[in-house]
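*Asks:* First the structure, then my questions, so here it is.
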Amino acid sequence: MPTVVLRVRGTPIPQGSMRCLGRGSRGTRGGAHMLIATNDADLRAWRARVTACAQSALARLPGPILGPVALEATFTLERPRSAPRGRVWPDRPPDIDKLVRAICDAITRAGLWADDARVIDLTARKTYPDSPCPDRLDTPGVTIRIRPITLDPALPGL
């Protein structure tokens, strides 16, 4: 299976904290507690973009990715007006782990892989559009590379 490259445009949204709607509240199923993200509206739109892109890639593949994968994600964030020109890296929120969580859940929802537990090797970075970073975009978004990992007897563990 070849490396899958997804380029998703739009402001990356982190999958943040969860809040409980409570028992019997609007939006619950069968009276059970239901959790939603505190930034649910923005997060849903972002995940829908990632899901659509992953579904498009899946349509060009012989099927979903079945084995372990290496995931590389480069998040291009809008440079805040207050950030000095010399600052190359966005070392402020959003947290990178929450950005990754959102895209992994969207890729799972698309069916590109069965579960994000398939990711055994992860590289993630945040950058600005004008930074000298490979895989950065010229506008906010994310470049995602998913590389199936095959067993190689010369590389123990990979």
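The values are calculated or read from the model by the stated rules, or taken from the named source; none is laboratory data. Keep in mind it's a predicted model, so treat the numbers as computed, not measured. Heads up, the Cβs are rebuilt from the backbone with ideal geometry, glycines too, and the neighbour counts pull from every protein chain shown. Surface areas here come from the heavy atoms of the whole protein model, side chains and all, with no ligands, DNA or RNA. Shrake-Rupley method; radii C 1.70, N 1.55, O 1.52, S 1.80 Å.
*Asks:* Could you list all residues from region 109-129 that are open to solvent by 60 Å² or more (accessible area, probe 1.4 Å), outside any helix (DSSP H, G or I) and not charged (D, E, K, R)?
*Replies:* Scanning region 109-129 gives ALA114, ILE120, LEU122.
*Asks:* Let me ask another. Name the strands (runs of 3 or more DSSP E) wholly inside region 8-108 in which the number of residues that are at pLDDT 95 or above, open to solvent by less than 40 Å² (accessible area, probe 1.4 Å) and within 20 Å of LEU137 (Cβ to Cβ) is 2 or more.
*Replies:* Of the strands (runs of 3 or more DSSP E) lying wholly inside region 8-108, those with at least 2 residues that are at pLDDT 95 or above, open to solvent by less than 40 Å² (accessible area, probe 1.4 Å) and within 20 Å of LEU137 (Cβ to Cβ) span 69-76.
*Asks:* A further question on this structure: When you go through THR150, THR139 one by one, which is the residue that is in a loop (DSSP other than H, G, I, E, B), under 16 Å from ILE13 (Cβ atoms), open to solvent by 30 Å² or more (accessible area, probe 1.4 Å) and among the polar types (S, T, N, Q)?
*Replies:* Step by step, each of THR150, THR139 is checked, and only THR139 is in a loop (DSSP other than H, G, I, E, B), under 16 Å from ILE13 (Cβ atoms), open to solvent by 30 Å² or more (accessible area, probe 1.4 Å) and among the polar types (S, T, N, Q).
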